[in-house]
Structures are given as structure tokens and as C-alpha cells.
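The values are calculated or read from the model by the stated rules, or taken from the named source; none is laboratory data. Only a predicted model underlies this, so the values are computations on that prediction, with no experimental measurement involved. Cβ sites come from the backbone with ideal geometry, for glycine too, and all protein chains shown count toward neighbours.
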Amino acid sequence: MMQKELTPLDGLILLRPRIFTDDRGHFFESFNSRAFKELSGITADFVQDNESMSIKDVLRGLHFQEEPFAQGKLVRVVQGAVVDVCVDIRPSSPTYGQHFKVRLDATEKAMLWIPPGFAHGFVALEEGSAFAYKCTAYYHPAAERTLLWNDADLGIDWGIADPIISAKDKEGMAFKALRTQAQR
């Protein structure tokens, strides 16, 4: 039992599960293939589950894999909280280059469906934020790419002044470079 919320970017869907709580704790269904298909209209074949743990202020992203290895992702926070950001990098999309951001946390347990064709990243808002995601394609190192997290052309306000960023993510490509590649 989930509630679907559409976002301004086509195909990007926020899912809010029904959480059953009592004095013992809580229970919720974190994934149900049939319910996911009914709500989203998408038949996804998830082939890999990933989880990361981040200290407060860690920013990961903006990551994607080039075709034919692009991944759809169903993401959620298991512990803590993050600001999750998705950038539409589908050249034929009317929202190409636009981004969507949302707070995801372990309390509300909302999930975000990110279809193939989006760059994705997040910043941890709390110590020990655990982020889990199901992927529709296997990780393919040669197809992995990173957009520069603070590219002025994207104009993303991450809500943090001094994030902790990996060397790889600091070297991400400019959005203009991606746009140039897409025009070829």
C-alpha cells in the first residue's frame, strides 16, 4: 500500500508507503513488485541492491551510467536523512537539464523512482545516514560518469555550505560538456 506523487520531471515518481506503528515499533512493505507496477506503470527488473552509509555533510554525485548501461533506481533512506537530487539528462526530454530535489528520511520512509536517463546524487543531513537503492542494470565501471555537483548551469542549491566530496566527484564533467556529447 503506497501513495504515488508525481514530480515536475516526467517519469520521476515519489512513493510514500503506509507505515503501521504500535508500541512495539513499526512495519511497512518496502517493496512489492505488483504494487510498484500498478502505481508507476513500470515493469522494472531490479538486478542489484546497493547501500551506502555517510557521515553528516557527505555529498555523493551526481552519478549516472551511459547507455546502454543506464540504470533505473528505486531509492530510500534506511537511517538518517538526505537531500536527494535528480537531474534530467535525457536529450529529448522537455525537462532536459532541470533538476528535482526532495528530502528523504528514515521516519517517513518515502521512496523515489529514478528512471534511466537521470544523474543522481544526495547529501547526508545526519550522521550515519544509510541510503539504499535497487537498480535495473548492473554497475558497469566503464560506463560510469559524474556531473559536477556544483555546476552553475544546473543551479542546484544543496542546502550546505561546505560538503565533504570524493576526489572523483570533485572532477565531475560540466553539464555543457554533456550537452555537447548529446548533440553529436
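Exactly one of (1) exposed (fewer than 13 other Cβ atoms within 10 Å of the Cβ); (2) in contact (Cβ under 8 Å) with a residue 12 or more places away in the chain; (3) more than 17 Å from Leu62 (Cβ to Cβ); (4) not aromatic (Phe, Trp, Tyr) is unmet by Ala130. Its number? Against the list (1) exposed (fewer than 13 other Cβ atoms within 10 Å of the Cβ); (2) in contact (Cβ under 8 Å) with a residue 12 or more places away in the chain; (3) more than 17 Å from Leu62 (Cβ to Cβ); (4) not aromatic (Phe, Trp, Tyr), Ala130 comes up short only on (1).
Select, from Lys109, Lys101, the only residue that is among the basic types (Lys, Arg), within 15 Å of the chain's Cα centre (by Cα) and assigned to a loop (DSSP other than H, G, I, E, B). Talk me through it step by step, then tell me what you get.
On the way: Lys101 fails: assigned to a loop (DSSP other than H, G, I, E, B).
Within the list Lys109, Lys101, the selection yields Lys109.
Could you check, for the range 93-107, whether at least one of its residues is among the β-branched types (Val, Ile, Thr) and either more than 25 Å from Arg179 (Cβ to Cβ) or at pLDDT below 95 (or both)?
Within the range 93-107, the subset among the β-branched types (Val, Ile, Thr) is 95, 102, 107.
Applying the additional criterion that residues be either more than 25 Å from Arg179 (Cβ to Cβ) or at pLDDT below 95 (or both) yields 107.
Yes, the range 93-107 contains a residue that is among the β-branched types (Val, Ile, Thr) and either more than 25 Å from Arg179 (Cβ to Cβ) or at pLDDT below 95 (or both).
Looking for something farther than 30 Å from Phe175 by Cα and among the acidic types (Asp, Glu) - is there at least one such residue anywhere in the range 32-43? Within the range 32-43, one or more residues are farther than 30 Å from Phe175 by Cα and among the acidic types (Asp, Glu).
Count of the range 33-46 residues, restricted to those that are surrounded by 11 or more Cβ atoms within 10 Å (Cβ to Cβ) and modelled with pLDDT of 90 or more, is 1. Checked against (1) in contact with a strand residue (DSSP E or B) (Cβ under 8 Å, 6 or more places away or on another chain); (2) in contact (Cβ under 8 Å) with a residue 60 or more places away in the chain, Ala81 meets all criteria but (2).
Taking the criterion of being touching a residue at least 60 places away in the same chain (Cβ under 8 Å), over 15 Å from Ala119 (Cα atoms) and out of contact with any Lys or Arg (no Cβ under 9 Å at 6 or more places or on another chain), the residues of the range 143-184 that qualify are Ile160, Asp162, Pro163, Gln183.
Across the range 167-184, what is the total count of residues that are in a loop (DSSP other than H, G, I, E, B) and surrounded by 12 or more Cβ atoms within 10 Å (Cβ to Cβ)? So that I can check it myself, show each step before the final result.
Just the residues of the range 167-184 that are in a loop (DSSP other than H, G, I, E, B), to begin with: 171-172, 174, 184.
Add one more test, that the residue is surrounded by 12 or more Cβ atoms within 10 Å (Cβ to Cβ), and what stays is 172, 174.
So the answer is 2.
Within the range 123-163, being part of a strand (DSSP E or B) and under 21 Å from Val102 (Cβ atoms) holds for Val123, Ala124, Ser129, Ala130, Phe131, Ala132, Tyr133, Lys134, Cys135, Thr146, Leu147. Quick one: is Asp88 of a type in the set (Asp, Glu) and in contact with a helix residue (DSSP H, G or I) (Cβ under 9 Å, 6 or more places away or on another chain)? No; evaluated as a whole, the condition is false for this residue. Each residue in the range 4-32 was checked for being under 15 Å from Leu74 (Cα atoms), modelled with pLDDT of 85 or more and polar (S, T, N, Q), and 1 pass. In the condition set (1) touching a strand residue (DSSP E or B) at 6+ places or on another chain (Cβ under 8 Å); (2) more than 14 Å from Tyr133 (Cα to Cα); (3) modelled with pLDDT of 95 or more, His63 is compliant with all but (2).
Looking for whichever is surrounded by 21 or more Cβ atoms within 10 Å (Cβ to Cβ) and farther than 20 Å from Tyr139 by Cα here; the options are Val82, Val75, Val102. Which one fits?
Val82
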